[in-house]
Amino acid sequence: MAREAESLFGDIGAIGDTRQDPPFKAFTEADSPDPGGQRQDDTRQDTSSETESMHLCGRRIGRGGDTSQDRHFLSIWLRVSLIPPRRETMDPGIINQVKQLYEAEKLSQRQIVTQLGISRKRVLRILRGERVNKPIRETIFKPYERLVQEWYREYPFLRVTQVYERLKGYGYTGGYDTVKVHTQSLRKKKSGWFHELEFLPGEEAQVDWMEWRFPFAPLYGFVLILAYSRYLYVHFYPRHSMEFFLDGHLRAFRERGGVAHRHRYDNLKSVVLSRSPELTFNPQFLDFVRHYGFSVHPCTPGRANEKGRVERVIRDIKDFLRVTPCENLTEVNLKVSAWRLERNQRVHRSTEKRPIDLLKEEKLIPLPQIPYSPHQLILAPVSKTGFVEFDTNRYSVPSSFSGVSCELLAYPDQVEIWVKGKRIASHPRSFDRKQKIEHPSHRERLLQITPHFKAKRIYQLMNRMDKGVTSFLDESEAEGQNPMEVAHELFKLLTQTSKTVFLSAVREANGLKVYKVKYLQSLLQPSHHRPDQPVHPQNPQLLTITYAGRSLKDYDNLI
């Protein structure tokens, strides 16, 4: 039995312990702490003298006439053999496959990962001869799990950012992504049931913005749908600020010929400024609402089902754009407009009628006689060089207004600058970045102060004014004219007429390939500057004809 126990202990030690044990020696009864051992004064006989067989841990062990010392060794062996291993090792088959692919097939670690479908770290550990499985470490989020679960039981719609900010107050030092991963199961959307919403004709319209990133630039779509007829209006803009928001409404109102009695919005900054401590609306948008006489209903945060009609149609618009290539904003609006017009003439799956037909049943509020001006008012200073900065671009004003404060009115297509109730400048709006938009006539007074720089400055202003003017100057220089003098003559013509008329005349001259200032003067010169050319009849005697006047009393008899 002693030899058998020795072999058993040797096997156990070989499993996970490589230390060398001292030579085994037999224990005496005095060394055995087993209280079940037979004392010297005990004369009772052990009845289990016959050989028995025990099944321990999947192995058959022969048990003969053991003594108390044998039972002591067996108890120690059972206690040791039943201790679970500290960690498991990798399947030998996988180890052999990894080594075979690496040493014989000469595959790289990445190729072995792809071939066997195991992680690269495991491959690396096998090749280094390390144990694969590591004990699971406790994460930094573990102490806070119970607290976070209580929060979600009380507030099921908590966002990750809210949980993260709360945990920082409890001393949490981990990152946002850790919170996001460990709260994912708690943030699963709960199944709910909703009533089907029904609307009266003209009762409601649902409005929202959508964003779509095209290869050339991100664009923002204004989407408005009538809840009763499902009549849809969509228009894309380069921005989604207040002026574009109002312009989208105006375009939709004009197309439908009226306004729904109530409009439902998401919590857009153009509509709602804040919800706490109380609901605060955007004052400019309230002025727009009062002008057209409809009511506003902002949706409850996190309840997209309250405006399900516009949410569904935005999904359809995105599906259309995924398969529709576009090169610029104009092309986007043309293709989207054709798509929505076709949609408005198609039978709707819910109403089983065409939206264009149900639009006639809508009881809309008539439009006022005077439309609302879609603009955004911004207070801005005029720089010492005579520019006003807006949306990273600089717009010129007359030099005499340098250093004063002004009001900038941003429209969807133009920018106006006002000082003390007077418009001092107007420019086409640029959606590029860090551009300088300058009108040459705004520097007339400055040129008078600095005559030595006048000719060069005028040429720079006129050359940057428009591509048509640049072409005119280049072609006149190619014909042998002095570009400085030509630019000065063009500048004088510009001060006598509007910029639009001046550029139209320049484009006409370029089209006819006539690069002469005199030709432009003939187009732009006012009629009272031209010499009088009296008209003479072919028969000069007609100018000497006399006639007898008629008495006005004849007309009095007719009254």
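Here are the numbers:
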| read-out | value |
| --- | --- |
| Selection count where residues are within 19 Å of Pro92 (Cβ to Cβ) and not in a helix (DSSP H, G or I), scope region 104-123 | 5 |
| Top-ranked residue of region 392-441 - restricted to ones that are part of a loop (DSSP other than H, G, I, E, B) and hydroxyl-bearing (Ser, Thr, Tyr), ranked as farthest from the chain's Cα centre (by Cα) | Ser402 |
| Residue within region 331-339 that is of a type outside the set (Ser, Thr, Tyr), exposed (fewer than 13 other Cβ atoms within 10 Å of the Cβ), on the phi > 0 side of the Ramachandran plot and out of contact with any Gly (no Cβ under 8 Å at 6 or more places or on another chain) present | no |
| Helices (runs of 4 or more DSSP H) fully within region 254-346 counting 2 or more residues that are in contact (Cβ under 8 Å) with a residue 12 or more places away in the chain and within 30 Å of Leu158 (Cβ to Cβ) | 308-322 |
| Members of region 160-190 that are within 19 Å of Arg303 (Cα to Cα) and surrounded by 12 or more Cβ atoms within 10 Å (Cβ to Cβ) | Val160, Gln162, Leu186, Arg187 |
| Residues of region 217-239 satisfying the condition of being surrounded by fewer than 20 Cβ atoms within 10 Å (Cβ to Cβ), within 21 Å of Asn282 (Cα to Cα) and not hydroxyl-bearing (Ser, Thr, Tyr) | Arg239 |
| Residue pairs meeting the criteria (Cβ under 6 Å; at least 6 apart or on separate chains; first charged (D, E, K, R), in region 478-502; second at pLDDT 85 or above and assigned to a helix (DSSP H, G or I)) | Glu489/Val517 |
| Pairs, first in contact (Cβ under 8 Å) with a residue 12 or more places away in the chain in region 97-111, second among the aromatic types (Phe, Trp, Tyr) and surrounded by 17 or more Cβ atoms within 10 Å (Cβ to Cβ), C-beta under 8 Å, six or more apart | Gln109/Tyr102 |
| Pairs with Cβ under 7 Å, 6+ apart, first in region 461-473 and outside any helix (DSSP H, G or I), second not acidic (Asp, Glu) | Asp466/Leu503 |
| Top-ranked residue in region 443-477 [being at pLDDT below 85 and of a type in the set (A, V, I, L, M); ranked as surrounded by the fewest Cβ atoms within 10 Å (Cβ to Cβ)] | Ile449 |
| Test: residue in region 372-392 that is closer than 15 Å to Lys499 by Cα, touching a residue at least 24 places away in the same chain (Cβ under 8 Å) and crowded, with 19+ Cβ neighbours inside 10 Å | no |
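The values are calculated or read from the model by the stated rules, or taken from the named source; none is laboratory data. From a predicted model like this one, the values you see are computed outputs, not experimental measurements. FYI the Cβ positions are ideal-geometry reconstructions off the backbone, even for glycines, and counts take in every protein chain you see.
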